[in-house]
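S.K.: Okay, handing you the structure first.
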Amino acid sequence: MNVKETLEQLFRGGRAAFKTEKQIFDALKTKPSERKIVRHVLDELEKEGIVLKNNAGEYCTPEQAGAVCGTLQGNERGFAFLVPDGNAAGMKDYFIPKHSLKGALDGDRVLAAKVKGTEDEAYVIKILARGRTEVAGTFEKTGGACYVVPDSAKFAPRIFVPTALCMGAEPHDKVVCRITAYPHSKAPNGKIVEILGKSGDFYAEELSIIRNYGLYEQFPEDAERQAAKAAGEKIAAGRRRDLRMELTITIDGDDTRDIDDAVSLTKRGENFLLGVHIADVGHYVAAGSKLDEEAYRRGTSVYFPDRVLPMLPRSLSNGACSLNEGEDRYALSCLMTISPKGERIGCEICESIIRSDRRATYGEIAALCEGDEQTRSRLADICAMCDEMKELCEILCARRERLGNIDLSVKEAHIYLDEHNEIVIPDHRRTVSERMIEQFMICANEAVAEFMERKNVPFMYRVHEPPAPEKTEAFLSFLRDMGIDGRIGADDPQPTEFQRILKSVENKPCESAVNKAMLRTMQKARYFERNLGHFGIASGCYCHFTSPIRRYPDLFIHRIIKGVLHGESENMRKKYGSFAAEAAAHCSLCEHNADGAERDVDSLYKTVYMSERIGMTYPATVSGVTPFGVFAELDNTVEGLIRLEKLPGGSYEYIEDKFTLKGERTFRLGDRIEIRVDGCDWGNMRPEFSLVEKKRDGGPRPKRRRGKK
């Protein structure tokens, strides 16, 4: 154990708490010649926020001093919330007023102290690390001063840019500004590093959102070179299991290019032998290489309606690693024997070489399974296997349901550009083929996680903890108000209890409301170095194994798996023991960042789409209630706001824990309403709606104009 690790252990164990530098030297029995090293380590720990030094010169951890380390989430009105480190485990956020920020900005990692006499207010003690190095926004000039107005008003009102560092930008240009200084009590200073286009141009606005999340298309040259070199390697079976004679197919979306999973299925007596074959990306991406470092930095591929920002260069993601039809590929295969009841009664994980016999799409397999004769004729070679896949899918779904799988019926947006470059937002519904692949991947992820947990090696689990007690109670209160009998154990909630509630409201008017309220009750899934189970899918042990082309956690655990298969378990413990926790936290943040970018770009597309439909009316569902109005979601997932002043009657009462806005008319989650598109709020990137009410005599609604769908 080195000096830093020893000191951290002493502080966390309490033996060094509130001790001066001299007392710490004595506790460590530090020789005079070694004191400089210990002093340097103490300074490091203080800079990282691991320890504090009070006015008496005593050191302690933030927790011992009643302080909190965390990340700021700014608000455009000037205040911020502190999200403590480890917040995913259920810690509460803290409110920090503008005057208590001490120059800290959105995204900064800070050390804060709780305000005495309050439950949830804090003030910044120290800025540990700045969260943003680059910000996208609009370039402006006032007199002789140049500045950038950030797209994200919660960061800062403006960033000053010296004329010599403007890179030729003109007023109203969308730009990327690199922060160069944070002057005390003044706006940040910066320089222009990229001009994206004119403000208001659709693609410039989209790129501005992408840049604000720190996302870029280009890879470093050395990473591209390593990828190209690896992609040029010839395929040879070697000691791998040769599965090229097994009928194997891939099933993906129409436009998927990074195909990282393939499946095979045969029946042996009454049992099923399911093969889930995953691209062996670890074979091409060496741990610690520049290519690996860039993949780790990105953490995940990010998907937008018109582009993909891949985790790996395209020579690998769309080429050598992608399980393309008719091409030999290296894989990690999970071969599972499954009983007629859906129980996994055998499992083998091996390095393999496979060849996909057919690249099928979700639409094709859905049509085949639904008995479309034309499709069955065209895909005759895989019909029998797909019929058995459908049978197994139904068995696995039934088993998962018995365990308590919480299958929320909440739609996801499926936005794309058609051949005329027009935005299309269909009312998308999951098909049998999508459920099939979902069940097979869950099966493999669970099998791999259980296998690796038994090996007791460093690993990265996908965990989803039970809802917090206060959220569960709020959800139950909401159900009671709707006349729904819901019972959930306060101390030990079970997935089956939530599943039972969902089943009780199936096909009822309140179904959508209950699904949305339950979603708000659940915690967010994350990556963690220890197994905490996955509440949502009712799994005691789960991981992400099936998408190593687009997710770093999968690539990381592939390395561990391959090490174990090669008899290197002890080496894996030494090599990745301390890295697993760091990687899990980093990958969770990358996932959160990617989700935010995808959500904001989707909002841009939806807003542009609705800007061409002003005046039209649509059926909608109340998707949210706030003190300032009601959010309504169309059937294709487009969400807009009906402002309070547009609602009928006078004042309204906002009842937060009951998801209700009560006035002349009561609005609850899931209520079906009719809306008119009034315009678009470009600042918040969302449509503006108004309520269309039935005539009092029961006559027809206003005539509805139909737009593109």
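The values are calculated or read from the model by the stated rules, or taken from the named source; none is laboratory data. Fair warning: this is a prediction, and the values are worked out from it, not measured in the lab. All Cβ positions, glycine included, derive from the backbone under ideal geometry; neighbour counts span all protein chains shown.
S.K.: Among the residues of the range 425-484, how many are assigned to a loop (DSSP other than H, G, I, E, B) and not hydrophobic (A, V, I, L, M, F, W, C)?
M.R.: 12
S.K.: Continuing with the same structure: Please pick out the residue among T138, T142 that is of a type in the set (V, I, T), buried (at least 19 other Cβ atoms within 10 Å of the Cβ) and assigned by TED's automatic domain parsing to the domain that holds H184.
M.R.: T138
S.K.: Between E205, E194, E217, which is in a strand (DSSP E or B) and out of contact with any His (no Cβ under 7 Å at 6 or more places or on another chain)?
M.R.: The unique qualifying residue is E194.
S.K.: So, in the range 262-276, of the ones that are farther than 19 Å from N324 by Cα and hydrophobic (A, V, I, L, M, F, W, C), which residue ends up surrounded by the most Cβ atoms within 10 Å (Cβ to Cβ)?
M.R.: Residue satisfying both the conditions and the ranking: L274.
S.K.: Taking the range 109-142 as the search range and keeping residues that are within 16 Å of A67 (Cα to Cα) and of a type in the set (D, E), which one is modelled with the highest pLDDT? Please lay out each step first, then the result.
M.R.: Step one: filter the range 109-142 for residues within 16 Å of A67 (Cα to Cα), giving 109-128.
Narrowing the set further to residues that are of a type in the set (D, E) leaves 119-121.
Numbers: E119: 81, D120: 87, E121: 91.
Among residues in the range 109-142 that are within 16 Å of A67 (Cα to Cα) and of a type in the set (D, E), the one modelled with the highest pLDDT is E121.
S.K.: Do the conditions hold for A620, that is, is it more than 30 Å from G650 (Cβ to Cβ) and of a type in the set (A, V, I, L, M, F, W, C)?
M.R.: Taking the combined requirement at face value, the residue does not satisfy it.
S.K.: Being among the aromatic types (F, W, Y), in contact with a helix residue (DSSP H, G or I) (Cβ under 7 Å, 6 or more places away or on another chain) and within 15 Å of M452 (Cα to Cα): is that true of Y552 here?
M.R.: no
S.K.: Inspect all residues belonging to the range 233-240 and state whether any of them is in contact (Cβ under 8 Å) with a residue 40 or more places away in the chain, within 25 Å of F451 (Cα to Cα) and in contact with an Asp or Glu (Cβ under 8 Å, 6 or more places away or on another chain).
M.R.: Yes, the conditions are met somewhere in the range 233-240.
S.K.: Condition (residue is touching a residue at least 12 places away in the same chain (Cβ under 8 Å), within 23 Å of S208 (Cα to Cα) and outside the structural domain of G197 (by TED's automatic domain parsing)) applied to the range 152-166: is it met by at least one residue?
M.R.: The answer is no; no qualifying residue exists.
S.K.: Let me ask something additional. Which of the numbered conditions does A112 fail, given that it passes all the others? Conditions: (1) free of Cβ contacts under 8 Å to residues at least 40 places away in the same chain; (2) out of contact with any helix residue (DSSP H, G or I) (no Cβ under 6 Å at 6 or more places or on another chain); (3) not in a loop (DSSP other than H, G, I, E, B).
M.R.: Answer for A112: the failing condition is (1).
S.K.: Looking at A447, is it small (G, A, S), under 21 Å from E401 (Cα atoms) and in contact (Cβ under 8 Å) with a residue 60 or more places away in the chain?
M.R.: For A447, the condition - small (G, A, S), under 21 Å from E401 (Cα atoms) and in contact (Cβ under 8 Å) with a residue 60 or more places away in the chain - is met.
S.K.: If a residue has to be on the phi > 0 side of the Ramachandran plot and surrounded by 18 or more Cβ atoms within 10 Å (Cβ to Cβ) to count, how many in the range 288-318 make the cut?
M.R.: So the count comes out to 1.
S.K.: Inspect the range 77-100 for any residue being closer than 30 Å to G168 by Cα, in contact (Cβ under 8 Å) with a residue 24 or more places away in the chain and either out of contact with any Lys or Arg (no Cβ under 9 Å at 6 or more places or on another chain) or of a type outside the set (V, I, T) (or both) and give the result as yes or no. Talk me through it step by step, then tell me what you get.
M.R.: Kept after step one, since they are closer than 30 Å to G168 by Cα, are these residues of the range 77-100: none.
Within the range 77-100, not a single residue is closer than 30 Å to G168 by Cα, in contact (Cβ under 8 Å) with a residue 24 or more places away in the chain and either out of contact with any Lys or Arg (no Cβ under 9 Å at 6 or more places or on another chain) or of a type outside the set (V, I, T) (or both).
S.K.: Only one residue in P171, P183 is modelled with pLDDT of 95 or more, touching a strand residue (DSSP E or B) at 6+ places or on another chain (Cβ under 8 Å), in a loop (DSSP other than H, G, I, E, B) and surrounded by fewer than 20 Cβ atoms within 10 Å (Cβ to Cβ). Which one?
M.R.: Sole residue among the options that is modelled with pLDDT of 95 or more, touching a strand residue (DSSP E or B) at 6+ places or on another chain (Cβ under 8 Å), in a loop (DSSP other than H, G, I, E, B) and surrounded by fewer than 20 Cβ atoms within 10 Å (Cβ to Cβ): P171.
S.K.: Is there any pair linking a residue in the range 611-640 that is within 17 Å of K658 (Cβ to Cβ) to one that is part of a loop (DSSP other than H, G, I, E, B) and acidic (D, E), with Cβ under 9 Å and at least six apart or on different chains, and which?
M.R.: Between residues of the range 611-640 that are within 17 Å of K658 (Cβ to Cβ) and residues that are part of a loop (DSSP other than H, G, I, E, B) and acidic (D, E), the close pairs are V622/D671; V630/D671.
S.K.: In addition: Consider I425 carefully, then state whether it is modelled with pLDDT under 95, of a type outside the set (G, A, S), assigned by TED's automatic domain parsing to the domain that holds E568 and crowded, with 19+ Cβ neighbours inside 10 Å.
M.R.: yes
S.K.: M436 - would you say it is under 30 Å from V625 (Cα atoms) and of a type in the set (A, V, I, L, M)?
M.R.: Spelling it out, it is not the case that M436 is under 30 Å from V625 (Cα atoms) and of a type in the set (A, V, I, L, M).
S.K.: Select, from T626, T546, the only residue that is hydroxyl-bearing (S, T, Y) and surrounded by fewer than 20 Cβ atoms within 10 Å (Cβ to Cβ).
M.R.: Result of the check over T626, T546: T626.
S.K.: Here are some residues: R211, R178, R241, R257. Which one is in contact with a helix residue (DSSP H, G or I) (Cβ under 8 Å, 6 or more places away or on another chain), among the basic types (K, R) and surrounded by 13 or more Cβ atoms within 10 Å (Cβ to Cβ)?
M.R.: R257
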